[in-house]
Amino acid sequence: METNIVKCDEGYQLELQGQPVAKISTERNPYHLQNCYLKFDQAELTAWEKACQAQHEQHAQHAQHEGEELFDLFRYIATAENSPLQVMLSSREKEKAEFLAAHGFKKLRMCYEVSVKQSDLKPEVICRSERTGGTGRTRETGRNERTEGECVSIKRAIAGEAAYAACGELLYEYYRATHAPISPLTVSLEQFLEDLPIEVFYSGTNGQVSQAAFVEENEIAYVCSRDMDKFTAFAQNVVDKLFKSYQSIFFEADDVDPAGMALKGLFAVAEQETFDTWVYRVAKLN
């Protein structure tokens, strides 16, 4: 049975005996242009690969094909696209994850989608907040209750203000650094700022922004820090403020993002589904 792969507008079409049997869709994300994003049906690919294996074994029986390597589908696509390949996958798709691992993909990032109420705060976080009222000072004495690293007050800025721009610049550099090993950021600072929520909470010293949390209603869309020793206290103050207006809040946290994971760490949440990033790289291309 003859197998073939054909480039088409939306990606690659896999053929068997001249008939299409599977398709791999390709996409490019303007924010992360270095990687080529793939979508495919695993069952279709598995069936096509079995036919490819049978063809290879048949060819191997002939002397002129002795030593011929089995066709590597993902190497072919990565070479054709001249870029790493990326697949986004739910952690519940275990069979597909095994398929990717067997074909040379590596899981490089896990993303948690977190929806929480105030009652989900860890007991020690609640106690600290009750003692200080979210200010870092005890209600009874007015003295600092938290350590120096924990005393963090927050301010608010909106798009168009100088403080907002400074927060955006910090987030841009932070986002670029945390994404670089997986899928580098490829948009300008100006474009990046255009797509951010218009409201941000922040803290800093000597005129320099140290922490920032961009919010949209009850969603914490982005967090960043240049001083992780103070970020947890900052994040606690942000969620305290949001819980005064909303019964629940929502955010995403990547396991490669220290600030995002520190925010998640304020809450006692059960292990849950994650959305994982799998990347395939060809050494000579990268």
**Request:** Exactly one condition in (1) more than 22 Å from the chain's Cα centre (by Cα); (2) in a helix (DSSP H, G or I) is not met by Gly160; state its number.
**Result:** (2)
**For Gly133: the one exception among (1) at pLDDT below 95; (2) touching a strand residue (DSSP E or B) at 6+ places or on another chain (Cβ under 8 Å); (3) farther than 20 Å from Ala262 by Cβ; (4) not assigned by TED's automatic domain parsing to the domain that holds Gln34** = (2)
**Message:** Looking at the stretch 196-216, I want the residues that are of a type in the set (Asp, Glu) and have a partner that is assigned to a strand (DSSP E or B) and crowded, with 18+ Cβ neighbours inside 10 Å with Cβ atoms under 9 Å, at least 6 apart or on another chain. Which pairs are those?
**Reply:** Glu199/Ala157; Glu199/Phe214; Glu199/Val215
**Prompt:** Exactly one of (1) part of a helix (DSSP H, G or I); (2) aliphatic (A, V, I, L, M); (3) surrounded by fewer than 19 Cβ atoms within 10 Å (Cβ to Cβ) is unmet by Ala235. Its number?
**Reply:** (3)
**Asked** Can you name the number of the only condition in (1) in contact (Cβ under 8 Å) with a residue 40 or more places away in the chain; (2) more than 16 Å from Leu170 (Cβ to Cβ) that Met261 fails?
**Response** (1)
**Selection status of Ala22, free of Cβ contacts under 8 Å to residues at least 40 places away in the same chain, part of a helix (DSSP H, G or I) and under 31 Å from the mean Cα position of the chain (by Cα)** = no
**Message:** If I filter the stretch 42-68 down to residues being among the acidic types (Asp, Glu) and surrounded by fewer than 13 Cβ atoms within 10 Å (Cβ to Cβ), which single residue comes out as modelled with the highest pLDDT?
**Reply:** Glu57
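Any idea which residue in the stretch 193-219 is farthest from Lys230 (Cα to Cα), counting only those that are β-branched (Val, Ile, Thr) and either in contact with a Lys or Arg (Cβ under 9 Å, 6 or more places away or on another chain) or in a strand (DSSP E or B) (or both)?
Selected residue: Val215.
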**Message:** Scan the stretch 178-199 and tell me whether some residue there is modelled with pLDDT of 95 or more, surrounded by 22 or more Cβ atoms within 10 Å (Cβ to Cβ) and of a type in the set (S, T, N, Q).
**Reply:** no
**Request:** Please determine, by comparing only the residues of the stretch 243-261 that are surrounded by fewer than 19 Cβ atoms within 10 Å (Cβ to Cβ) and among the hydrophobic types (A, V, I, L, M, F, W, C), which one is nearest to Ala212 (Cα to Cα).
**Result:** Met261
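The values are calculated or read from the model by the stated rules, or taken from the named source; none is laboratory data. The structure presented is a predicted model; accordingly, all values stated were derived computationally and were not measured. FYI the Cβ positions are ideal-geometry reconstructions off the backbone, even for glycines, and counts take in every protein chain you see.
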